[in-house]
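**Student:** I have a structure I would like to understand better, so I am pasting it below and will then ask my questions one at a time.
Readers should treat all values here as calculations from the given coordinates under stated rules, not as data from a laboratory. On a predicted model such as this, the values are computed, not experimentally measured, just so you know. Note that we place each Cβ from the backbone using ideal geometry, even for glycine, and neighbour counts take in every protein chain shown.
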Amino acid sequence: MSGTTDLEQQLDQGIRALGLTVPTEQQQQLIQFIQLLNKWNKAYNLTAIRDPAEMVSKHLLDSLAILPFLEAGQVIDIGTGPGLPGIPLSIVRPNQAFTLLDSNVKKTRFVTQSLLELEIRNVTVVQSRAEAYKPEHPFDVVLARAFSAISELLQWVEHLCKPGTRIVAMKGQYPEGEMTGWPAGFQCESVEKIDVPGLQAERHAVLIRYKNDQ
């Protein structure tokens, strides 16, 4: 198991490789989140990844890699699991409001506890299925990390969108078979290949706009 200093160095180098600037205090929060996840994982099996060093690349840097695609406004992270990508993004965007949604009680309990311990105040936790959640207002950005086929995702989140909402679907390999059969009103803007430091596996972000009439 890597020591805290090693993890901090790995994270700092990864952030620089992504071309991002993250203050030291926020980087420390990110490491604390991984340490909490590692601690809870032993009892609650929140993630298949057991090595904190792997968590830095596969969870933290993988989440932060989509930061350039995160537009302003209210964000919802669908199927957040143990808070990914929502918690890392909320740490580095403390002035942006995030809603983290998951139907799993153990995972939402961990997310809630993490927010308390890390003193993160810009996040709301919702324990619900996406299709059952009825928010007061629609969202500006919808995030989904390895959640489901894109066509299913768009059906489940349409009621959370408004004209102009951006959907960011995080995928591994280019999702060739998922780029058709979408509900009306959704338009693909682009598919961005992402290089995550420390990861050999492919990563892509599918950027989708809801009812973009331009």
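**Student:** When His137, His159, His204 are ordered from fewest to most other Cβ atoms inside 10 Å of their Cβ, what list results?
**Tutor:** Details: His137 8, His159 12, His204 16.
Ordered from fewest to most neighbouring Cβ atoms within 10 Å, His137, His159, His204 come out as His137, His159, His204.
**Student:** Which of the peptides 62-73, 100-111, 21-32 is most tightly packed, and how do the rest follow, judged by the mean count of other Cβ atoms within 10 Å per residue? Intermediate results must be reported in sequence, preceding the final value.
**Tutor:** Details: 62-73: 18.8, 100-111: 20.4, 21-32: 15.6.
Highest-to-lowest ranking by the protection proxy: 100-111, 62-73, 21-32.
**Student:** Where the centre of each part is set by its Cα atoms, how far does the stretch 176-208 sit from the stretch 100-134, in angstrom?
**Tutor:** Centre-to-centre (Cα) distance: 25 Å.
**Student:** 5 Å is the cut-off here: which amide hydrogens, built 1.01 Å from N in the peptide plane, fall below it relative to Glu189, excluding neighbours closer than 5 in sequence?
**Tutor:** Leu207, Ile208, Arg209
**Student:** Something else now. With no solvent and one equal point scatterer placed on each C-alpha of the chain, evaluate the Debye formula and give log10 I(q)/I(0) for q = 0.10, 0.16 Å⁻¹, two decimals.
**Tutor:** Normalising to I(0) and taking log10 leaves -0.41, -1.08.
**Student:** A further question on this structure: Which GluC sites (Glu not before Pro) in the stretch 167-214 sit in a loop by DSSP (not H, G, I, E or B) and have at most 16 other Cβ atoms within 10 Å of their own Cβ?
**Tutor:** On the way: sites: Glu176, Glu178, Glu189, Glu192, Glu202; in loops: Glu202.
Those that pass, being in a loop and sparsely packed, are Glu202.
**Student:** Taking Cα pairs under 8 Å and at least six residues apart, what relative contact order does the stretch 61-214 come out at, in percent? Could the numbers behind the result be given before it?
**Tutor:** Numbers: 309 pairs, mean separation 33.1, N = 154.
Averaging sequence separation for qualifying contacts and normalising by length gives 21 percent for the stretch 61-214.
**Student:** Per DSSP H run of at least 4 residues, take -39500 (n - 2.57); add these up for the chain, divide by its residues and hand me the 222 nm value, nearest 500 deg cm²/dmol. Working shown, then result.
**Tutor:** On the way: 6 runs with 68 residues, N = 214.
Result for the chain, helices only: -9500 deg cm²/dmol.
**Student:** Along the stretch 67-73, what does the Karplus equation 6.51 cos²θ - 1.76 cosθ + 1.60 (θ = phi - 60°) give for ³J(HN,Hα), rounded to whole Hz, x for Gly and Pro?
**Tutor:** 3J(HN,Hα) across the stretch 67-73, in whole Hz: 3, x, 9, 8, 6, 5, x.
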